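Q: My structure is below; once you've seen it, I'll send some questions.
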Amino acid sequence: MSSHSEAKTYRGVVIGAGYFSQFHYDAWNRMDDVEIVACCDVDFEKANQIAGTHGISSVYTDYRQMLDQHDVDFVDIITRPDTHLALVDDISQRGKAIICQKPLAPTVDEACELVALTNQRNIRFMVHENFRFQPWYREIKQLMNAGVIGSRLHSLSFRNRAGDGHGPDAYLARQPYFQTMEKFLIFEAGIHTIDTFRYLGGEIEQAWCWHRKLNPVIAGEDAAVGVFRFHDGGMGLYDANRFNESTAKNPRYTFGEVLLEGDEGSIRLHDDGRLTIQRLGEAEREHAYSPSQHGFAGDCVFSTQRHFVDQLRNGQPFETDGPSYLKSLAVQEAMYASSQSGCWETPKA
């Protein structure tokens, strides 16, 4: 529980009761300075079940009716990307702070329009980009800031094998619409890695990518290799596919393995969340820290939403605000462009 019992309680409502929403509701429920007063989904039974699980007293199928009935500080949007623009347009006119799941929109133009709306209306807006809030990445960032591997990043590489995308039934149990997405791996999952790379390595100046489709039953790409040039001279390597399997006990804990190399050594993230450090000329050693086993991927949904509330309270910018997300989106689009052209592409933010 958070130690905010004497501070203002932030009242919120949630739109969406699909698969991933369980992690949102659970996180809100564990914050003693947040009260979720109502939830909404077009499927009343889903919303009612979620409400029962998390002690939410009011349930709706129409979010407008919900917002008319409840005076709240913020709205959490956990719906499909094609619904986000209309929701944000309406909610921002009501002056409410918004945290919204990614992808923000089906197209870059629509995402830009959405972010522009929140900027024009001076709305506190955060993208629920939760991977950078995974405990291993927060710990790695602290180690980098402390100079554990030096002051210059040489390379940052990420390898992921999700193993949930082979066979005719791929994705149907959890998120069936994955099968029909024209842009898939980079658009849906790679955007997380882009944001994490920007968090750890700084802004990305150029991207090269090759992607392909391994499972014939899906519409989009499910494998990709990407190479990035960071502003400060470091190199990034993204190697992912959802078809082949990893050897991890839980492939959805860290979602992959990471190696960071600097001018004084390296940090390695293992697929069970362990971190090891190898200073130049020294043996590799384990770094002691305690990543959570609760919720999703080290309880990063809780950390993401905790950041949202803390920044609402202190009036400071969100790490994953709209403009930051658009920078990640520009890298994503450069990757798709590169896969078509075969050339290095410059992100157009």
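Q: With everything on Cα atoms, drop me the angle between helix 108-120 and the longest principal axis of the chain, reported from 0 to 90° to the nearest 10.
A: Helix 108-120 sits roughly 60 degrees off the main axis of the chain.
Q: Along the charge dipole of segment 10-123, which of Gln22, Ala47, Tyr10 sits closest to the positive end, that is, farthest toward it, with unit charges on the beta carbon of Lys, Arg, Asp and Glu (+1, +1, -1, -1)?
A: Tyr10
Q: Using all Cα-Cα distances in the chain, what percent lands in each 20 angstrom bin from 0 up to the longest?
A: Histogram of Cα-Cα distances, whole percents per bin: 29, 59, 12, 0.
Q: Out of the DSSP beta bridges found with both residues in the chain, what percent are antiparallel (nearest 5)?
A: Antiparallel bridges make up about 60 percent of those DSSP assigns within the chain.
Q: Label points 7 Å out from Cα along the Cβ direction at Phe44 and Cys112: separation in nm?
A: Calculated label separation equals 4.2 nm.
Q: Given R₀ = 30 Å, what would the calculated FRET efficiency be for Ala86 paired with Lys141, taking r from the Cβ atoms and rounding to 0.05?
A: E between Ala86 and Lys141, to the nearest 0.05, is 0.25.
Q: For segment 278-349, taking Cα atoms only, what is the radius of gyration to one decimal and the Dmax to the nearest whole Å?
A: Looking at segment 278-349, its Cα Rg and Dmax stand at 18.8, 46 Å.
Q: I would also like to ask the following. Taking the alpha-carbon distance from Lys141 and a cut-off under 20 Å, which lysines remain once sequence neighbours fewer than 8 residues away in the same chain are dropped?
A: Lys327
Q: Can you list the lysines whose alpha carbon sits under 23 Å from that of Lys8, skipping same-chain ones fewer than 8 residues off?
A: In chain and number order, the partners are Lys96.
Q: So what J values fall out for segment 291-299 if you push phi through Karplus, 6.51 cos²θ - 1.76 cosθ + 1.60 with θ = phi - 60°, rounded to Hz, Gly and Pro as x?
A: Couplings: x, 5, 9, 7, x, 9, 6, x, 6 Hz.
Q: Under the Karplus relation 6.51 cos²θ - 1.76 cosθ + 1.60, θ = phi - 60°, what is the ordered set of whole-Hz ³J(HN,Hα) values for segment 228-243, x standing for Gly and Pro?
A: Here the 3J(HN,Hα) series is 10, 10, 7, 3, 8, x, x, 10, x, 10, 10, 9, 9, 8, 9, 7 Hz.
Q: Please work out the ratio of the alpha-carbon Rg of segment 10-123 to 2.2 N^0.38 Å and round it to two decimals.
A: Here the answer is 1.01, to two decimals.
Q: Specify the angular offset, from 0 to 90 degrees and rounded to the nearest 10, of the alpha carbon long axis of helix 191-201 from the longest principal axis of the alpha carbons in the chain.
A: 60 degrees
Q: Using the Karplus curve 6.51 cos²θ - 1.76 cosθ + 1.60 with θ = phi - 60°, work out ³J(HN,Hα) for each residue of segment 316-325 in order, rounded to whole Hz, and write x for Gly and Pro.
A: Rounded to whole hertz, the list is 8, x, 7, 4, 10, 6, x, x, 5, 4.
Q: Label-point separation (nm) for His294 and Ser151, each offset 7 Å from Cα along Cα-to-Cβ?
A: Simple spin-label model gives 4.0 nm for this pair.
Q: For the chain, what does the relative contact order come out to in percent, with C-alpha contacts under 8 Å and a separation of six or more?
A: 17 percent
Q: Same structure, new question: Would you mind checking the tilt of helix 84-93 against the longest principal axis of the Cα atoms of the chain, expressed as 0 to 90 degrees and rounded to 10?
A: Helix 84-93 and the main axis of the chain meet at about 50 degrees.
Q: Under 5 Å between amide H atoms, partner at least 5 residues away or on a different chain: which partners does Gly265 have, H built in plane at 1.01 Å?
A: Sorted by chain and number, the residues that satisfy this are Leu280.
Q: Can you tell me the mean projection area, over all orientations, of the convex hull of segment 222-278's alpha carbons? Units nm², please.
A: The Cα convex hull of segment 222-278, projected and averaged over all directions, gives 4.8 nm².
Q: Next question. Ranking request for peptides 244-257, 164-177: highest mean number of other beta-carbon atoms within 10 Å first, then the rest in descending order.
A: 244-257, 164-177
Values in this text are rule-based calculations from the coordinates and carry no lab data. If you're wondering where the values come from, they're calculated on a predicted model, not measured in any experiment. Every residue, glycine among them, receives a Cβ derived from its backbone with ideal geometry; neighbour counts consider all protein chains shown.
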